[in-house]
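Asker: The structure under discussion is supplied below as C-alpha coordinates; questions concerning it will follow.
The values are calculated or read from the model by the stated rules, or taken from the named source; none is laboratory data. Just so it is clear, the structure is predicted and the values come from calculations on it, not from any experiment. Positions of Cβ are backbone-derived with ideal geometry, glycine not excepted, and every protein chain shown enters the neighbour counts. Quick note on the areas: whole protein, heavy atoms, side chains included, nothing else; ligands and nucleic acids left out. Shrake-Rupley method; radii C 1.70, N 1.55, O 1.52, S 1.80 Å.
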Amino acid sequence: MNSAVKMILSMAAVILVVIQFLPRAHNEGRIVPANDINGVLDVPGNVQVVLKTACYDCHSNNTRYPAYAMIQPVRMMLDRHVAEGKKNLNFNDFATYSARKQNSKLRAIAESLDEGTMPLASYTLIHRNAILSVKEKALLQNWVKRSAERLLLKQQK
Ligand code: HEC
(Lines give C-alpha, C1' and ligand atoms only; values in the text may rest on other atoms or scores of the structure.)
Protein backbone atom coordinates (compact mmCIF):
# COMPACT_ATOMS: atom_id res chain seq x y z
CA MET A 1 0.00 0.00 0.00
CA ASN A 2 1.47 3.37 -0.84
CA SER A 3 1.76 6.02 1.80
CA ALA A 4 -0.94 8.31 0.39
CA VAL A 5 -3.51 5.52 0.59
CA LYS A 6 -2.37 4.66 4.10
CA MET A 7 -2.71 8.27 5.17
CA ILE A 8 -6.23 8.58 3.74
CA LEU A 9 -7.31 5.35 5.40
CA SER A 10 -5.99 6.36 8.78
CA MET A 11 -7.61 9.78 8.49
CA ALA A 12 -10.92 8.12 7.65
CA ALA A 13 -10.51 5.86 10.68
CA VAL A 14 -9.87 8.85 12.92
CA ILE A 15 -12.92 10.68 11.58
CA LEU A 16 -15.05 7.59 12.12
CA VAL A 17 -13.94 7.42 15.74
CA VAL A 18 -14.40 11.15 16.36
CA ILE A 19 -17.94 11.31 14.99
CA GLN A 20 -19.01 8.59 17.43
CA PHE A 21 -18.92 11.31 20.10
CA LEU A 22 -21.40 13.58 18.32
CA PRO A 23 -24.59 14.14 20.30
CA ARG A 24 -27.52 11.93 19.38
CA ALA A 25 -31.14 13.02 19.42
CA HIS A 26 -33.51 10.94 21.54
CA ASN A 27 -37.04 10.92 20.25
CA GLU A 28 -38.50 9.30 23.33
CA GLY A 29 -41.14 11.71 24.50
CA ARG A 30 -44.43 11.69 26.29
CA ILE A 31 -47.67 10.87 24.53
CA VAL A 32 -50.57 13.10 25.54
CA PRO A 33 -53.64 10.93 24.88
CA ALA A 34 -55.81 13.94 24.01
CA ASN A 35 -53.38 14.99 21.26
CA ASP A 36 -53.09 11.55 19.73
CA ILE A 37 -54.79 10.55 16.49
CA ASN A 38 -57.00 8.25 18.56
CA GLY A 39 -58.51 11.41 20.01
CA VAL A 40 -60.14 12.32 16.68
CA LEU A 41 -60.19 9.16 14.59
CA ASP A 42 -61.01 5.55 15.12
CA VAL A 43 -57.79 3.59 14.58
CA PRO A 44 -58.60 -0.15 14.69
CA GLY A 45 -56.01 -2.45 16.24
CA ASN A 46 -54.80 -3.96 12.97
CA VAL A 47 -54.27 -0.51 11.44
CA GLN A 48 -52.48 0.62 14.58
CA VAL A 49 -50.08 -2.31 14.33
CA VAL A 50 -49.13 -1.49 10.73
CA LEU A 51 -48.69 2.22 11.46
CA LYS A 52 -46.55 1.47 14.50
CA THR A 53 -44.38 -0.99 12.60
CA ALA A 54 -43.94 1.01 9.41
CA CYS A 55 -44.44 4.69 10.25
CA TYR A 56 -44.09 5.53 13.94
CA ASP A 57 -40.30 5.50 14.09
CA CYS A 58 -40.36 8.78 12.14
CA HIS A 59 -43.91 10.05 12.64
CA SER A 60 -44.49 9.81 16.39
CA ASN A 61 -42.93 10.92 19.67
CA ASN A 62 -41.21 7.58 20.15
CA THR A 63 -38.59 5.94 17.97
CA ARG A 64 -37.53 2.38 18.64
CA TYR A 65 -33.78 2.70 18.28
CA PRO A 66 -32.10 -0.43 16.99
CA ALA A 67 -28.58 -1.25 18.24
CA TYR A 68 -26.91 -0.05 15.04
CA ALA A 69 -28.53 3.36 15.57
CA MET A 70 -25.86 3.95 18.22
CA ILE A 71 -23.32 4.08 15.41
CA GLN A 72 -22.49 7.26 13.51
CA PRO A 73 -23.10 8.32 10.80
CA VAL A 74 -26.18 6.07 10.83
CA ARG A 75 -27.66 7.95 13.78
CA MET A 76 -27.21 11.31 12.05
CA MET A 77 -29.26 10.11 9.13
CA LEU A 78 -31.94 8.62 11.36
CA ASP A 79 -32.11 11.75 13.53
CA ARG A 80 -32.61 13.90 10.45
CA HIS A 81 -35.37 11.64 9.14
CA VAL A 82 -37.14 11.59 12.50
CA ALA A 83 -36.97 15.39 12.90
CA GLU A 84 -38.21 15.98 9.37
CA GLY A 85 -40.77 13.19 9.46
CA LYS A 86 -42.27 14.45 12.72
CA LYS A 87 -42.40 18.01 11.47
CA ASN A 88 -44.45 16.86 8.47
CA LEU A 89 -46.70 14.40 10.25
CA ASN A 90 -46.88 13.32 13.88
CA PHE A 91 -49.56 10.75 14.72
CA ASN A 92 -49.17 11.59 18.41
CA ASP A 93 -50.04 15.24 17.69
CA PHE A 94 -52.67 14.65 15.04
CA ALA A 95 -55.56 15.84 17.23
CA THR A 96 -53.86 19.22 17.67
CA TYR A 97 -53.98 19.89 13.91
CA SER A 98 -56.69 22.12 12.50
CA ALA A 99 -59.54 20.35 10.68
CA ARG A 100 -58.06 21.51 7.42
CA LYS A 101 -54.63 20.19 8.25
CA GLN A 102 -56.05 16.83 9.37
CA ASN A 103 -57.76 16.50 6.01
CA SER A 104 -54.69 17.41 4.06
CA LYS A 105 -52.51 15.02 6.09
CA LEU A 106 -54.91 12.16 5.37
CA ARG A 107 -54.72 13.05 1.69
CA ALA A 108 -50.93 13.10 1.90
CA ILE A 109 -50.92 9.66 3.54
CA ALA A 110 -53.14 8.30 0.76
CA GLU A 111 -50.78 9.79 -1.80
CA SER A 112 -47.69 8.37 -0.14
CA LEU A 113 -49.33 4.93 -0.14
CA ASP A 114 -50.46 5.17 -3.77
CA GLU A 115 -47.02 6.30 -4.85
CA GLY A 116 -45.14 3.95 -2.56
CA THR A 117 -42.90 6.75 -1.25
CA MET A 118 -43.37 5.76 2.43
CA PRO A 119 -41.79 4.32 4.44
CA LEU A 120 -38.55 5.75 3.06
CA ALA A 121 -36.53 3.27 1.02
CA SER A 122 -33.43 3.92 3.13
CA TYR A 123 -35.45 2.72 6.12
CA THR A 124 -36.97 -0.42 4.60
CA LEU A 125 -33.49 -1.37 3.39
CA ILE A 126 -32.78 -2.35 6.99
CA HIS A 127 -36.28 -2.55 8.49
CA ARG A 128 -37.54 -5.29 6.20
CA ASN A 129 -40.65 -5.80 8.33
CA ALA A 130 -41.70 -2.21 7.59
CA ILE A 131 -42.19 -3.00 3.90
CA LEU A 132 -45.94 -2.86 3.39
CA SER A 133 -47.47 -6.02 1.96
CA VAL A 134 -50.24 -5.62 -0.62
CA LYS A 135 -52.72 -6.46 2.13
CA GLU A 136 -51.30 -3.99 4.63
CA LYS A 137 -51.26 -1.23 2.05
CA ALA A 138 -54.92 -1.91 1.18
CA LEU A 139 -55.78 -1.93 4.88
CA LEU A 140 -54.21 1.51 5.35
CA GLN A 141 -55.74 2.87 2.15
CA ASN A 142 -59.23 1.80 3.24
CA TRP A 143 -58.70 3.21 6.69
CA VAL A 144 -57.56 6.57 5.28
CA LYS A 145 -60.59 6.70 3.02
CA ARG A 146 -63.00 5.89 5.86
CA SER A 147 -61.28 8.37 8.14
CA ALA A 148 -61.45 11.17 5.57
CA GLU A 149 -65.19 10.58 5.16
CA ARG A 150 -65.67 10.54 8.91
CA LEU A 151 -63.78 13.80 9.35
CA LEU A 152 -65.88 15.44 6.68
CA LEU A 153 -69.11 14.35 8.40
CA LYS A 154 -67.83 15.60 11.73
CA GLN A 155 -66.93 18.96 10.25
CA GLN A 156 -70.33 19.40 8.63
CA LYS A 157 -72.08 19.04 11.95
C1 HEC B 1 -37.37 6.57 8.21
C2 HEC B 1 -38.33 7.57 8.53
C3 HEC B 1 -39.74 7.50 7.97
C4 HEC B 1 -40.63 6.46 8.02
C5 HEC B 1 -40.42 5.09 8.63
C6 HEC B 1 -41.85 6.94 7.41
N7 HEC B 1 -41.68 8.24 7.01
FE8 HEC B 1 -43.09 9.45 6.18
N9 HEC B 1 -41.72 10.97 6.05
C10 HEC B 1 -40.42 10.91 6.46
C11 HEC B 1 -39.74 12.16 6.13
C12 HEC B 1 -38.29 12.46 6.40
C13 HEC B 1 -40.70 12.98 5.51
C14 HEC B 1 -40.53 14.41 4.98
C15 HEC B 1 -39.76 14.47 3.73
C16 HEC B 1 -40.42 13.77 2.60
O17 HEC B 1 -41.61 14.05 2.30
O18 HEC B 1 -39.77 12.89 2.00
C19 HEC B 1 -41.94 12.21 5.46
C20 HEC B 1 -43.11 12.67 4.93
C21 HEC B 1 -44.30 11.96 4.97
C22 HEC B 1 -45.57 12.49 4.51
C23 HEC B 1 -45.78 13.84 3.87
C24 HEC B 1 -46.47 14.79 4.80
C25 HEC B 1 -46.92 16.04 4.07
O26 HEC B 1 -47.66 16.79 4.67
O27 HEC B 1 -46.56 16.22 2.91
C28 HEC B 1 -46.50 11.52 4.71
C29 HEC B 1 -47.98 11.59 4.40
C30 HEC B 1 -45.82 10.38 5.29
N31 HEC B 1 -44.49 10.69 5.44
C32 HEC B 1 -46.44 9.21 5.64
C33 HEC B 1 -45.78 8.08 6.10
C34 HEC B 1 -46.44 6.81 6.34
C35 HEC B 1 -47.92 6.55 6.11
C36 HEC B 1 -45.47 5.95 6.77
C37 HEC B 1 -45.63 4.51 7.08
C38 HEC B 1 -46.30 3.67 6.11
C39 HEC B 1 -44.22 6.69 6.82
N40 HEC B 1 -44.46 7.97 6.40
C41 HEC B 1 -43.00 6.19 7.25
C42 HEC B 1 -39.82 9.86 7.12
C43 HEC B 1 -40.40 8.61 7.34
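Asker: Condition first: free of Cβ contacts under 8 Å to residues at least 60 places away in the same chain, touching a Leu at 6+ places or on another chain (Cβ under 6 Å) and either part of a loop (DSSP other than H, G, I, E, B) or open to solvent by 50 Å² or more (accessible area, probe 1.4 Å) (or both). Can you find one or more residues in the range 41-50 that meet it?
Answerer: Looking for residues that are free of Cβ contacts under 8 Å to residues at least 60 places away in the same chain, touching a Leu at 6+ places or on another chain (Cβ under 6 Å) and either part of a loop (DSSP other than H, G, I, E, B) or open to solvent by 50 Å² or more (accessible area, probe 1.4 Å) (or both), one finds none in the range 41-50, hence no.
Asker: For the range 130-139, which positions are under 21 Å from residue 86 (Cα atoms) and more than 10 Å from the ligand (Cβ to nearest atom)?
Answerer: Hits for the range 130-139: nothing passes.
Asker: Output the residues belonging to the range 111-128 that are in contact with a helix residue (DSSP H, G or I) (Cβ under 6 Å, 6 or more places away or on another chain) and more than 7 Å from the ligand (Cβ to nearest atom).
Answerer: Matches in the range 111-128: 124 only.
Let's see how each residue does on (1) touching a strand residue (DSSP E or B) at 6+ places or on another chain (Cβ under 6 Å); (2) more than 27 Å from residue 35 (Cβ to Cβ); (3) among the hydrophobic types (A, V, I, L, M, F, W, C):
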| position | (1), (2), (3) |
| --- | --- |
| 65 | no, no, no |
| 81 | no, no, no |
| 102 | no, no, no |
| 114 | no, yes, no |
| 121 | no, yes, yes |
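Asker: Given the conditions (1) under 30 Å from residue 15 (Cβ atoms); (2) more than 15 Å from the chain's Cα centre (by Cα); (3) β-branched (Val, Ile, Thr); (4) surrounded by 17 or more Cβ atoms within 10 Å (Cβ to Cβ), report the number of the one that residue 144 does not fulfil.
Answerer: For residue 144, the exception is condition (1).
Asker: If residue 78 satisfies all but one of (1) in a helix (DSSP H, G or I); (2) more than 30 Å from residue 147 (Cβ to Cβ), what's the number of the condition it fails?
Answerer: The single condition residue 78 does not satisfy is (2).
Asker: Within the range 81-119, restricting attention to residues that are outside any helix (DSSP H, G or I) and open to solvent by 60 Å² or more (accessible area, probe 1.4 Å), which residue is nearest to residue 54 (Cα to Cα)?
Answerer: It comes out as 118.
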